[in-house]
Amino acid sequence: MPDGSPSFSRPASPSLDIRHDWNVAEVQALLDLPFPELMFQAQAIHRATFDPTEIQISTLLSIKTGGCPEDCAYCPQSALHEDGVKAEKLMAIEKVLTEAKKAKAAGASRFCMGAAWRSPKERDMETVCAMIEGVKELGMETCVTLGMLDDAQAHRLKQAGLDYYNHNIDTSPEYYGQIITTRTYQERLDTLSNVRDAGINVCCGGIVGMGESETDRAGLITALANMPTHPESVPINLLVRVEGTPLAKADEVRPLDFVRMIAAARITMPKSRVRLAAGRENMNDETQTLCFLAGANSIFYGERLLTTPNPQAQRDRALLDNLGMHTTGIGL
């Protein structure tokens, strides 16, 4: 080793113990590891809990777009932002099932449906439940994101056969108020508790690139990892900067910093599916490959994620083929 080069002492081998007592300093220490060491630890855990060549494929459809009364600074569907997405009515059941059949034919094993609501109204619940039942009959896993749920609504979705409910916490508890003012952090946790109590799997993650500090990024991972039960799916999103939203001019995230977040999620939540979610359209193949090496083992497949672009299916297929990776469930 040349004189003056820093010495490095390898930390203890990563533990597969499922912990719920992480603190921000511990997670920050993970994020600060030399990149090769961080990747080594993430890979060691990933290989002990999953097939590292396997990717789970989901497709996301916006079943009710625009007109949302929330003020989430990243979202073009907010009615409170200038140049927001035009509000549309809830899609017809038959049209949703047609899209689900297309997703299944393209290789998706899970079909996710998102509605731009603060919370679903009673008149909408019956239609959404019928959509869930129809997708289940196709032999696919079901996931919805409908905003806040009370206990009765969560149990009703469970009775319809819902497998997963997505409700992201977005960022750290400390930074949350800088991004959203129309819904509290505790209200998000309450919805997640109602979902869990109903026996539905939880899909919960956050967004990187909203102007948060490194400490806030560590705080996001800490909050997710300290949930009473780790989310079965953890989507890590890279902000898609959309004109007309308050975050349209946010600074770009360095690719390796994003990969570090994937690795930290994998280390702290060993048995969760870590999903490489929004923002893939702006990632090159090399960045996505590093994310897979860091422990991401789920992606959204299709041309759009609600209202923002997603990589073309052919590009995804070519990348996975080039990497020698395969998909779960339905063949791609």
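The values are calculated or read from the model by the stated rules, or taken from the named source; none is laboratory data. These numbers were taken from a predicted model, which means no experiment stands behind them. Don't worry about glycine lacking a Cβ; one is built from the backbone with ideal geometry, like all the others, and counts go over all protein chains shown. Side chains included, ligands, DNA and RNA excluded: accessible areas come from the protein's heavy atoms. Shrake-Rupley method; radii C 1.70, N 1.55, O 1.52, S 1.80 Å.
Could you run through the range 211-261 and say how many residues are over 24 Å from R110 (Cα atoms) and not in a helix (DSSP H, G or I)?
Matching residues across the range 211-261 total 19.
I need the full set of residues from the range 270-282 which are touching a residue at least 60 places away in the same chain (Cβ under 8 Å), open to solvent by less than 20 Å² (accessible area, probe 1.4 Å) and not small (G, A, S), in order please.
Passing the criteria: P270, R275.
Quick check on the range 144-158: of everything there that is touching a helix residue (DSSP H, G or I) at 6+ places or on another chain (Cβ under 9 Å) and over 15 Å from E122 (Cβ atoms), which residue is surrounded by the most Cβ atoms within 10 Å (Cβ to Cβ)?
Taking the candidates together, the pick is V144.
May I ask you to list the residues in the range 300-332 that are modelled with pLDDT under 85, closer than 27 Å to T49 by Cα, more than 20 Å from the chain's Cα centre (by Cα) and open to solvent by 70 Å² or more (accessible area, probe 1.4 Å)?
Within the range 300-332, R317, L332 qualify.
Among the candidates D190, D150, D163, single out the residue that is touching a Lys or Arg at 6+ places or on another chain (Cβ under 8 Å), among the charged types (D, E, K, R) and in contact (Cβ under 8 Å) with a residue 24 or more places away in the chain.
Details: D190 fails: touching a Lys or Arg at 6+ places or on another chain (Cβ under 8 Å); D150 fails: touching a Lys or Arg at 6+ places or on another chain (Cβ under 8 Å).
After ruling out the rest, the residue left standing is D163.
Taking the residues in the range 172-204 that are among the basic types (K, R) and not in a loop (DSSP other than H, G, I, E, B) as candidates, determine which candidate is modelled with the highest pLDDT.
To start, the set of residues in the range 172-204 that are among the basic types (K, R) comprises 183, 188, 196.
Next cut, not in a loop (DSSP other than H, G, I, E, B) only: 188, 196.
Working: R188: 92, R196: 95.
If we take residues in the range 172-204 being among the basic types (K, R) and not in a loop (DSSP other than H, G, I, E, B), then R196 is modelled with the highest pLDDT.
Looking at E214, E232, which is the one that is open to solvent by 10 Å² or more (accessible area, probe 1.4 Å), closer than 16 Å to R266 by Cβ and in contact (Cβ under 8 Å) with a residue 60 or more places away in the chain? Show your work before the answer.
Numbers: E214 fails: closer than 16 Å to R266 by Cβ.
Only one candidate qualifies: E232.
N226: free of Cβ contacts under 8 Å to residues at least 40 places away in the same chain, more than 22 Å from C72 (Cα to Cα), open to solvent by 20 Å² or more (accessible area, probe 1.4 Å) and touching a Phe, Trp or Tyr at 6+ places or on another chain (Cβ under 9 Å), yes or no?
On the way: free of Cβ contacts under 8 Å to residues at least 40 places away in the same chain: no; more than 22 Å from C72 (Cα to Cα): yes; open to solvent by 20 Å² or more (accessible area, probe 1.4 Å): yes; touching a Phe, Trp or Tyr at 6+ places or on another chain (Cβ under 9 Å): yes.
No; evaluated as a whole, the condition is false for this residue.
Filtering the range 284-299 down to residues that are at pLDDT 90 or above and not in a helix (DSSP H, G or I), which residue is farthest from I45 (Cα to Cα)? If you could, list the steps in order and put the result at the bottom.
To start, the set of residues in the range 284-299 that are at pLDDT 90 or above comprises 284-298.
Filter once more, so that each one left must be not in a helix (DSSP H, G or I): 284, 294-298.
On the way: N284: 25, A294: 10, G295: 8, A296: 12, N297: 13, S298: 16 Å.
If we take residues in the range 284-299 being at pLDDT 90 or above and not in a helix (DSSP H, G or I), then N284 is farthest from I45 (Cα to Cα).
What do you reckon, is D251 open to solvent by 10 Å² or more (accessible area, probe 1.4 Å), among the acidic types (D, E) and under 23 Å from Q28 (Cβ atoms)? Let's see the steps before the verdict.
On the way: open to solvent by 10 Å² or more (accessible area, probe 1.4 Å): yes; among the acidic types (D, E): yes; under 23 Å from Q28 (Cβ atoms): yes.
For D251, the condition - open to solvent by 10 Å² or more (accessible area, probe 1.4 Å), among the acidic types (D, E) and under 23 Å from Q28 (Cβ atoms) - is met.
Yes/no per residue for (1) over 21 Å from L31 (Cβ atoms); (2) out of contact with any Leu (no Cβ under 7 Å at 6 or more places or on another chain); (3) in contact (Cβ under 8 Å) with a residue 40 or more places away in the chain:
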{"site": "L239", "(1), (2), (3)": "no, no, yes"}
{"site": "R260", "(1), (2), (3)": "no, no, yes"}
{"site": "R266", "(1), (2), (3)": "no, yes, yes"}
{"site": "T289", "(1), (2), (3)": "no, no, no"}
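Here is a yes/no grid of residues against (1) within 16 Å of the chain's Cα centre (by Cα); (2) open to solvent by less than 30 Å² (accessible area, probe 1.4 Å); (3) among the β-branched types (V, I, T):
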site: L162; (1), (2), (3): no, yes, no
site: D170; (1), (2), (3): yes, yes, no
site: G177; (1), (2), (3): no, no, no
site: T191; (1), (2), (3): no, yes, yes
site: V195; (1), (2), (3): no, yes, yes
site: F258; (1), (2), (3): yes, yes, no
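Given the structure, is R254 among the charged types (D, E, K, R) and free of Cβ contacts under 8 Å to residues at least 12 places away in the same chain? Before the answer, list the steps.
Numbers: among the charged types (D, E, K, R): yes; free of Cβ contacts under 8 Å to residues at least 12 places away in the same chain: yes.
It is true that R254 is among the charged types (D, E, K, R) and free of Cβ contacts under 8 Å to residues at least 12 places away in the same chain.
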